[in-house]
Amino acid sequence: MNVTMKAPLAILISGRGSNMAALIEAARAEDCPYAVALVASNNPDADGLRIARNAGIATFAHSHKGLEREDFDAIIDRALRKAGVRYVALAGYMRIMSDAFVRGWAGRMLNIHPSLLPKYKGLDTHRRAIEAGDAEGGCSVHLVTPTLDDGEVIAQASIAIVPGDTAETLAARVLKAEHQLYPAALAAYVRGHVGR
Ligand code: GAR
């Protein structure tokens, strides 16, 4: 695929950025349908920003502190529009977003969540799966809608929960699966979406 045909993608992060790094790495493949145009964060100290800069990706950081939700989201929205972004991937972006922002990116914003949705929306997903006695945990890539972790699931990966698992040991195995699932699901989504 010609580089100029790739869909410009923004990745929103709040911290470590390991899923972001997986998306950046996958985008290097010639046949990947998206190119990372911007990494943006509500946390100017996010480790992922440093990783993105080292990979030569443009970054934008603005703290949400002291701002109304709508006002902060408008700042992010402006940065995304200015960068010519077509798709948005949330990757450990730990912010509830305003309805107006989410509606503005409807059908073009995806998230990765560390559970087999619709189970365990919100936080502490791995601990809750273990405490419930579930046989497996996992991760889901889904479209973002105004209701938290509620949009259409487009891909999932399951990971067996084994005796002795803690939230940390399960999280580490699920994270590896996230790094495979997210780039593949995003690429498939963008490919299927072309022309829409
Ligand atoms: C990932 O496990 C991701 O699924 C989760 O945060 C972690 C971010 O790690 N996201 C959520 O919990 C969103 N509700 P990363 O910064 O290394 O990608």
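The values are calculated or read from the model by the stated rules, or taken from the named source; none is laboratory data. Fair warning: this is a prediction, and the values are worked out from it, not measured in the lab. Please note: Cβ atoms are built from the backbone with ideal geometry, for glycine as well, and neighbour counts cover all protein chains shown. What goes into the accessible areas is simple: the full protein's heavy atoms, side chains included, and nothing from ligands, DNA or RNA. Shrake-Rupley method; radii C 1.70, N 1.55, O 1.52, S 1.80 Å.
Before moving on, here are some points about what is shown:
- For the chain, the mean residue ellipticity at 222 nm estimated from helices alone is -11500 deg cm²/dmol, where every DSSP H run of n ≥ 4 contributes -39500 (n - 2.57) and the total is divided by all residues, rounded to the nearest 500.
- Phi angles of the stretch 105-110 translate, via the Karplus equation with coefficients 6.51, -1.76, 1.60 and θ = phi - 60°, into HN-Hα couplings of 10, 3, x, 10, 10, 10 Hz per residue; Gly and Pro are given as x.
- For the chain, the fraction of 1.4 Å probe accessible surface lying on carbon and sulfur atoms is 53 percent.
- Given R0 = 35 Å, the distance between the Cβ atoms of D31 and S158 translates into a calculated FRET efficiency of 0.85.
- M94 versus E131: modelled label distance in nm, points set 7 Å from Cα along the beta carbon direction: 1.8 nm
- Solvent exposure of the stretch 69-173 amounts to 48 Å² per residue of accessible area, where only protein heavy atoms count and the probe is 1.4 Å.
- Karplus-derived 3J(HN,Hα) values for the stretch 23-39, using 6.51 cos²θ - 1.76 cosθ + 1.60 with θ = phi - 60°, are 5, 4, 4, 5, 5, 6, 5, 4, 8, 6, x, 10, 10, 7, 8, 7, 10 Hz; glycine and proline are entered as x.
- Based on the convex hull around the alpha carbon atoms, the stretch 47-194 presents an average projected area of 9.7 nm².
- Here the extension length gained between R191 and I75 equals 38.9 nm, from 0.36 nm per residue of separation less the Cα-Cα distance.
- Point-charge dipole on Cβ atoms (K/R +1, D/E -1) for the stretch 1-160, about Cα centre, debye to 20: 440 debye
- Close amide H partners of M109, meaning residues 5 or more places away or on another chain with modelled amide H under 5 Å apart, are V88, V144.
- Across the stretch 1-80, Cα-Cα distances exceeding 16 Å account for 51% of all pairs.
- Of the residues K121, K65, K176, the one that moves most in a GNM of the chain with alpha-carbon contacts below 10 Å is K65.
- Beta bridges per DSSP with both ends in the chain, % antiparallel, nearest 5: 40 percent
- Net length available on complete extension from D45 to R16 is 9.5 nm, with 0.36 nm assigned per residue and the Cα-Cα distance removed.
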